[in-house]
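A.B. asks: Following this message is one structure expressed as structure tokens.
Rule-based calculations on the coordinates, nothing more; no lab input. Since the structure is predicted, the reported quantities are computational estimates derived from the model, not experimental observations. Neighbour counts are summed over all protein chains in view; Cβ atoms, including those assigned to glycine, are modelled from backbone coordinates with ideal geometry.
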Amino acid sequence: MEATGGCDFRHPVTYCTNIHPGETLDEVRRGLAAQATRVRAALSPEAPFPLGLRLSGRASLELATGDAAARFGAWLAANGFSVPTINAFPYGRFHHAPVKEAVYLPDWRDPERLAYTVRLARVLAGWLPEGGTGSLSTVPVGFRRGFPEADLPAALANMRLALEALRTIFRDTGRRLRLAVEPEPGCLVETTPQFVALCDRLDPDGEYRAHLGICYDCCHQALQYEDPRRSLARLASAGLTVAHVQVSSALHLEGGDLARLSRFVEPVYLHQAVARLHDGRLVRFDDLQLALSARLSDVESWRVHFHLPVFLRELPDCGTTQPFLKAILPLFSADALLEVETYTWSVLPDDLRTTDVADSICREIRWVRQARQAGLDVAGTPY
């Protein structure tokens with residue numbers, strides 16, 4: 001799927017276009033024309049470049065009208081893009097306005113989450129080649145605060161209907177799609193064991209496993225202080241598929257002086273924070289501002305959900321979870337789609353934006369390629 005720099009075609013590396021503002025189909029197209037075409041020209045001038053395409057609820061409705069999906073698919077192909085995965089997580093506006101916990105709405109209790117997912121599944125199936133596979137990342141059921149246990153059966157029922165729709169698409173078209181649940185801090189599913197438990201409850205008989213998988217966001221699992229090899233081994237032992245990987249990095253701070261990260265407080269996105277105490281316990285906060293006011297003691301280290309360019313190992317204020325990436329990238333299967341996801345570009349401190357967005361994306365993708373290959377030279381068998 002890629003074509004330059006000695007790239008191994010079995011290891012596709014792309015990026016998620018949620019870094020580009022755009023809610024309508026025309027806004028998405030203009031963002032791709034301005035930025036993604038530059039990335040493709042730099043990294044894959046002779047072959048189609050795979051995009052992790054973010055499409056909003058509004059764009060999904062536009063694509064469901066007339067021949068809009070076919071026309072947009074033709075535009076993508078004419079500009080040298082393929083689409084193996086769609087980010088079907090953020091439904092509403094995602095840039096330049098407060099998002100915070102609204103990013104999880106509508107959650108899986110709401111029939112509109114189901115309808116949105118199925119609309120995009122049909123679009124993606126139409127864009128995939130014959131016999132192709134694809135994935136749609138989605139909300140991990142919902143945000144924990146304000147989601148009572150009594151609401152869970154309705155949410156799971158909607159998720160099963162989505163899985164049934166994917167199975168029907170496969171029967172009708174031969175294109176296999178996976179609903180890629182993305183564990184996220186503060187949600188009903190945060191950790192790898194919680195994802196396994198969700199799948200056991202969602203699909204106890206395994207009838208939908210061919211259409212169910214995890215969107216493995218490396219920032220999110222690093223935030224839980226998970227061990228990379230144990231995390232992937234747990235998925236493998238449960239027979240669960242990594243539908244695609246979001247390659248992302250978080251803030252990491254040794255010691256308890258969280259005030260050093262106060263410049264990362266901003267009004268648009270949630271930046272969940274996790275403290276690891278000296279006894280190994282984890283204390284979680286739904287946003288960085290809440291953690292700053294908590295004044296915890298006995299903290300060994302902090303990790304904060306703030307997606308950073310993955311090539312950054314150290315910042316002036318702290319470190320990053322880049323070591324987690326270096327450890328886990330070689331462990332993914334050879335055909336795993338690796339998708340850089342640094343959607344926070346517009347809210348990064350100015351000193352961390354030392355180039356423009358397209359150049360930064362290219363640098364991230366090159367870093368991922370190199371880090372994976374370097375790790376493969378010394379790692380054991382991938383999962």
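A.B. asks: Quick check on the exposure proxy: order Cys16, Cys215 from fewest to most C-beta atoms within 10 angstrom.
C.D. replies: Result, fewest neighbours first: Cys16, Cys215.
A.B. asks: At 222 nm, what helix-only mean residue ellipticity would the chain give, in deg cm²/dmol to the nearest 500, using -39500 (n - 2.57) for each DSSP H run of four or more? Could you put the intermediate results ahead of the total?
C.D. replies: Values: 12 runs with 132 residues, N = 383.
Computed mean residue ellipticity for the chain: -10500 deg cm²/dmol.
A.B. asks: Considering the chain as a Gaussian network with a 10 Å cut-off on Cα pairs, which listed residue, His20, His305, His278, attains the greatest mean-square fluctuation?
C.D. replies: His278
A.B. asks: Between segment 154-168 and segment 213-245, what's the alpha-carbon centroid distance in Å?
C.D. replies: 22 Å
A.B. asks: A follow-up question, please. Using alpha carbons only, what's the Rg to Rh ratio of segment 122-201 with Rh from Kirkwood?
C.D. replies: On the way: Rg = 14.2 Å, Rh = 13.7 Å.
Taking Rg over the Kirkwood Rh, I get 1.03.
A.B. asks: Another question, if that's okay. Around Cys16, what is the net charge, scoring Lys/Arg as +1 and Asp/Glu as -1 over all other residues with Cβ under 13 Å from its Cβ?
C.D. replies: Values: positive: Arg54; negative: Glu182, Asp217, Glu339, Glu341, Glu364.
Residues close to Cys16 contribute a combined charge of -4.
A.B. asks: Where does each of Glu27, Glu62, Glu190, Glu339 land when they are ranked from fewest to most other beta-carbon atoms within 10 angstrom?
C.D. replies: Sorted ascending by nearby Cβ count, the order is Glu27, Glu62, Glu190, Glu339.
A.B. asks: Apply the a/c threshold of 1.5 to the C-alpha gyration tensor of segment 271-383 and tell me whether it is rounded, prolate or oblate.
C.D. replies: Oblate, because a/c is 1.5 or more while a/b does not exceed b/c.
A.B. asks: Could you give the C-alpha radius of gyration of the chain expressed as a fraction of 2.2 N^0.38 Å, taking N as the number of residues it contains?
C.D. replies: In units of the globular-protein estimate, the chain measures up at 0.93.
A.B. asks: Further question: Counting other C-beta atoms within 10 Å, which of Cys219, Cys199 has the fewest, and how do the rest follow?
C.D. replies: Fewest-to-most Cβ neighbours within 10 Å comes out as Cys199, Cys219.
A.B. asks: Here's a follow-up. Quick one: net charge of Trp302's neighbours, Cβ under 10 Å, K/R +1, D/E -1?
C.D. replies: With Lys, Arg at +1 and Asp, Glu at -1, the net is 0.
A.B. asks: Related question: I need the shape label for segment 172-290. Rule: rounded when a/c is under 1.5, else prolate if a/b > b/c, else oblate, with a, b, c from the alpha carbon gyration tensor.
C.D. replies: Prolate shape, in that a/c is at least 1.5 and a/b is the bigger ratio.
A.B. asks: Oh, and also: Within the set of other residues whose C-beta is less than 15 Å from the C-beta of Arg145, count the net charge using Lys and Arg as +1 and Asp and Glu as -1.
C.D. replies: -4
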